[in-house]
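Each remark here refers to the structure printed beneath this line.
The values are calculated or read from the model by the stated rules, or taken from the named source; none is laboratory data. The model shown is predicted, which means the values in this text are computed figures rather than measured ones. Note that we place each Cβ from the backbone using ideal geometry, even for glycine, and neighbour counts take in every protein chain shown.
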């Protein structure tokens with residue numbers, strides 16, 4: 001993993017891992033794998049299986065997701081938001 005990717009992974013882990021899963025970032029959401037139920041609102045999307053584009057990630061970061069559910073808007077901003085978006089665009093949806 002390149003240094004820029006490590007920075008994105010670290011930012012993702014620090015800011016997003018409480019709700020989102022992505023194994024490459026050692027992120028497992030608010031519940032252990034296999035404990036979430038479909039439609040449960042304690043976890044955001046599982047990015048191991050859900051592929052995202054950079055632009056969609058930036059939209060979600062700025063607007064608190066797509067559904068207006070429980071994701072806070074602007075959880076990261078500026079260069080940090082760019083790094084998270086680039087990281088997710090590269091590593092999401094790999095399972």
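Annotations
- All told, residue 94 falls short of being in a loop (DSSP other than H, G, I, E, B) and modelled with pLDDT of 95 or more.
- The set of residues in region 56-95 being exposed (fewer than 12 other Cβ atoms within 10 Å of the Cβ) and closer than 13 Å to residue 11 by Cβ consists of 77, 78, 79.
- Scanning region 1-38 for residues that are modelled with pLDDT of 85 or more and not in a helix (DSSP H, G or I) yields a count of 9.
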